[in-house]
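See structure below.
The values are calculated or read from the model by the stated rules, or taken from the named source; none is laboratory data. Predicted model only: the values in this text are computed from it and were never measured. Note that we place each Cβ from the backbone using ideal geometry, even for glycine, and neighbour counts take in every protein chain shown.
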Amino acid sequence: MRLFLDTSVVLAACGSTAGASHEIFRQARVHGWVLIATPYVIGEVLNNLADFPPSATAQWAKLRADLLLLDDVLTLDRPAMFAAGKDRPILFSALAWADVLLTRDTGDFGEILGGSFYGLLVLPPGDFLQRERLAGRL
């Protein structure tokens, strides 16, 4: 399964080893999930790491190796009614490269969170893990 990680998920995983975002990284190693990010995501992570404790930077150094870095996708070949301009590259890139977009960003993705966008599931990490448990895959 190919999972696109929004900046909010990566930062949460760096900030705490106890939450669902960090669990995504642990489970990916066990289940062979491909964790995808783009330069846009990496840039946002680097810009925001200073707001976290120093331990988050150390955690980032470990987690970064688990991410497959793919190109940003900035345009779409179909209509998109998605108002959040700054997060369009996240949504469009996830649609191009992944099966699921994992995000904790309820502000920008609230309207589609828990649903789908042209077949791309858009879920918070905890909901994704619960879905996998209920399906007997965890």
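Details
- Matching residues in region 8-17 - criterion: being among the polar types (S, T, N, Q) and surrounded by 17 or more Cβ atoms within 10 Å (Cβ to Cβ): SER8
- Remark: pairs (first residue in region 44-58, closer than 11 Å to CYS14 by Cβ; second residue small (Gly, Ala, Ser) and part of a helix (DSSP H, G or I); Cβ separation under 8 Å; 6+ apart in sequence or on different chains) = LEU49/ALA56; PHE52/GLY15; PRO53/GLY15; ALA56/GLY15.
- Residue tally, condition farther than 14 Å from LEU129 by Cβ, touching a strand residue (DSSP E or B) at 6+ places or on another chain (Cβ under 9 Å) and small (Gly, Ala, Ser), over region 9-49: 1
- Taken over region 113-138, the criterion of being surrounded by fewer than 18 Cβ atoms within 10 Å (Cβ to Cβ), assigned to a loop (DSSP other than H, G, I, E, B) and not hydroxyl-bearing (Ser, Thr, Tyr) is satisfied by LEU113, GLY114, GLY115, GLY119, ALA135, GLY136, ARG137, LEU138.
- All positions within region 54-87 that are outside any helix (DSSP H, G or I), at pLDDT below 95 and not small (Gly, Ala, Ser): ASP72, VAL73, LEU74, THR75, LEU76, ASP77, ARG78, PRO79, MET81, PHE82
- Candidate set: region 18-65, residues that are within 18 Å of PRO89 (Cα to Cα), touching a helix residue (DSSP H, G or I) at 6+ places or on another chain (Cβ under 6 Å) and not polar (S, T, N, Q); chosen: the one surrounded by the most Cβ atoms within 10 Å (Cβ to Cβ): VAL41
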